[in-house]
Structure formats: C-alpha cells, structure tokens
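Read the structure below first, then the notes.
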Amino acid sequence: MQPAMSSGAFSGVVYPDFREKGEDASRGLATSADAEESRATSSGLIVQTIAGGRCAGLDDVRVRALEAVRVDAREVGLLAVSGDSGGGGGLGSMDVLRELAAMRARGEFSRDVKLLAAANPMRGAEDAARMVAKRELGCDGFITQPALLRDAFAEWHESAVKYGALDDSGDVTCHLGIACIKSTKSLDFWLNLTGVNRSTSAEARMVFDEFVSREIEM
C-alpha cells in the first residue's frame, strides 16, 4: 500500500469493517491488528467503515466509532454502510449514520470527523433520493460504487444535482469509486453488485460485448 500512497495518485485510504482479531484467521482475512498497523503508516484521509450488518446494536456502533477516530491522521472519516449480515443486529446504513451524527452532536468525537455514506451511480434517481435523505441525517460526503456505465452515471449525477444531494458549494464531497476490471467475469461481478441487469440494460450489453472483443485482443 505504501508505494501506491506515496505516488500521489491517492489522497486517502478506506478500511473495511475488519473482523475481530483471530476470527476467520484460517481464511486469511484482515484483522483489527492489521488495520492498526496500516493506519499508523498512512497519511491523508483515513476512512473507517462502520457496517450495520456487522454491529450487534447501537452500542456496538458507538464502540467501533470511538475506536476508529483514535488515529493520528490529518483527516478522519467514518463511512456508514449496511454491509453483510455477519451475525449482526440487522442495522442499516441509515441507522448507523443517524447514531454517528448523534455522537458527533453530543461531542463524543470531534466535529472535524467526516461522516460519509455510500452511493450507487448505477441506480440513477432512486439513489439520488436516498443521498438526500442521508445528507439530512448529517452526511458530509459520499463514496460511490464504481461508475461502470457512462449514460447511467450521467442520469444519476443529473438527479443528484437536481435533488440537492450534490452541489458546487463545497459543503459535500463525493469520492468516485473505480473498479480495476481485468476480465468479463470481473465485469459481470461488478454489474451484478451495482444492480445492473444486462438482460434489461442496452448500455450494459454494449459495454459487455465490447469488453469481450477487447479481452480476446489483450
């Protein structure tokens, strides 16, 4: 990670909701200890994911948030997501975001900590409406799923600006996600993950077919 960070191409790091130390160690998954080690050597924006699906309840959200903000970094952010079930209490991203905003309002951590939420440009106006709701809960910015399709992204962006989820005031940031796609199988994975159905999306079929032809040449 360090060579990539020092290249100047990236201004921050997003950390997943790491499993407890020792859990699933046999499968080689990252642990909280790994997260602490990598955070200590990182610069720029440090974003820790808080996944509702992995929290046993709001008390767990608070514990994870307080652990995450104790880092030595220029900027710290908390990313509220639903995540997988993971044996958690079934909290959604809105539940997590609402609690994080309440903690910040109560002064449990600095007002300089950024509250971030996920956005999916492939869901168009539907996602833009959810972004507005997240802003109303106290969200300072968004980190998006990959923008895989140009026309779908344009529709989403137009809706987000129209509804007021994004603007030019600088009050809200938007970090665009990028997927490094190396195969048609990988492209299909990301299309499915972002809710794009190739059977009903002409743009998705066109992009997929183009990728198939280029994959043969690469």
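The values are calculated or read from the model by the stated rules, or taken from the named source; none is laboratory data. As the structure is a computational prediction, the values presented were derived from the model and not from experiment. Neighbour counts are summed over all protein chains in view; Cβ atoms, including those assigned to glycine, are modelled from backbone coordinates with ideal geometry. Calculation scope for accessible area: heavy atoms of the full protein, side chains included, ligands and nucleic acids excluded. Shrake-Rupley method; radii C 1.70, N 1.55, O 1.52, S 1.80 Å.
Taking residues in region 142-155 that are open to solvent by 50 Å² or more (accessible area, probe 1.4 Å), and partners anywhere that are among the hydroxyl-bearing types (Ser, Thr, Tyr), the pairs with Cβ atoms closer than 6 Å and at least 6 places apart or on different chains are GLN145/THR194. Summed over region 201-213, the residues that are within 26 Å of the chain's Cα centre (by Cα) and either polar (S, T, N, Q) or more than 18 Å from GLY124 (Cβ to Cβ) (or both) give a count of 3.
Condition test on THR194, is it open to solvent by less than 40 Å² (accessible area, probe 1.4 Å) and over 23 Å from ALA9 (Cα atoms)? Full working, then the answer.
Numbers: open to solvent by less than 40 Å² (accessible area, probe 1.4 Å): yes; over 23 Å from ALA9 (Cα atoms): yes.
Spelling it out, THR194 is indeed open to solvent by less than 40 Å² (accessible area, probe 1.4 Å) and over 23 Å from ALA9 (Cα atoms).
Restricting to region 166-183, name every residue that is of a type in the set (Val, Ile, Thr) and either under 19 Å from ALA133 (Cβ atoms) or open to solvent by less than 100 Å² (accessible area, probe 1.4 Å) (or both). Scanning region 166-183 gives VAL172, THR173, ILE181. Confirm whether ARG104 is buried (at least 18 other Cβ atoms within 10 Å of the Cβ), closer than 30 Å to GLU67 by Cβ, over 18 Å from the mean Cα position of the chain (by Cα) and not polar (S, T, N, Q). Here the answer is yes, as ARG104 does meet what is asked.
Which one of PHE153, PHE142 is in contact with a strand residue (DSSP E or B) (Cβ under 7 Å, 6 or more places away or on another chain) and among the aromatic types (Phe, Trp, Tyr)? Break it down stepwise before answering.
On the way: PHE153 fails: in contact with a strand residue (DSSP E or B) (Cβ under 7 Å, 6 or more places away or on another chain).
The match here is PHE142.
When ARG106, ARG98, ARG70 are checked against the criterion of being basic (Lys, Arg) and modelled with pLDDT under 90, a single residue qualifies: ARG70.
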